[in-house]
Amino acid sequence: MPVDEEQRYKKVRQGAWIGIIGNLLLAVIKGVAGVLANSRALIADAVHSASDVIGSVAVLIGVRAAKLPPDRDHPYGHGKAESVAAIIVAVLLFIVGFEIALNSIQDLTEPVVVPGMLAIYVIIFSILAKELMFRYKHYLGKKYNSEALITDAWHHRSDVFSSLAVLIGVSAALIGQGLEVSWLLYADLVAGIFVSILIMRMAWKLGKESIHNALDHVLHDEDTVHMREVAAKVPGVLQMDEFHAREHGHYVIVDIKISVDPMITVEEGHTIGKQVKTELLKEARVKDVLVHINPYDEEEKL
């Protein structure tokens, strides 16, 4: 059965707000702790969390725009607004990954500062919080088919990797200081470069998929088997000439051409087409159906 649009909107919006509030709190906590513990890596991670707020705001705007009803300029609705928001988040994610790599490379030439133990506790808290945010938003994104929310969820997972790199770096620096092993002091910078590559790779993959979906992606035949079977079973449908299910954000718009008995009246043909539309609208994700009626031609079939 189709997903209730109002419920979907509330849940996806809830996920976006959790991202905004959570990232703001983490940015403040990590920023203060970074200054108190004299940890440049933690301060940089705080900036990373602050930048994530922009991504969550983009998701919120995209979700609100996608909820708008069809109008004269957008007769098929505004579902693609979520795909646009997902692309924006992916771009931001790539930029963040690049900045982390650049800062890590630049820090290799500067004096190494060993942070305090406070940084360790805050980083562990950040990792746990971000993992919980990822799991919750990924669950909502999958359940309500929100591309923007799924992309933003993976943004949180990238933050987990980033914080893990900071944890490894800070721990290595403390161990290096205790054991007087100087090369360990640079472990955080090396880990930061490695993680930044993972983040940029993830951003590229998510961005590529979002752009693909925004360009009127049509579901593959294996994904529309049930839909085509439903349409073919409607009494009066003698042949299915064409079937396309276009993804329009979180919902699908079906374009279908069917053949009916050429000897029936226009009204009877219209009734058959209306029944096909009614049955397809019962399918999950299907929001609109455009039916074209053709006269059945036995010779053309042969």
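None of the figures in this text is laboratory data; all of them are computed from the coordinates on show. These numbers come from a predicted model, not from an experiment. With ideal geometry, Cβ positions are generated from the backbone for all residues, glycine too; neighbour counts draw on all protein chains shown.
The gain in end-to-end length when the residue 271 to residue 197 segment is fully stretched comes to 20.9 nm, 0.36 nm per residue minus the alpha carbon separation. Under the simplified labelling scheme, the residue 261-residue 35 pair shows an inter-label distance of 8.2 nm, with each label point 7 Å from Cα along Cα→Cβ.
The lysines within cross-link reach of residue 208, meaning a Cα-to-Cα straight distance under 20 Å and a gap of 8 or more places when in the same chain, are 80, 142.
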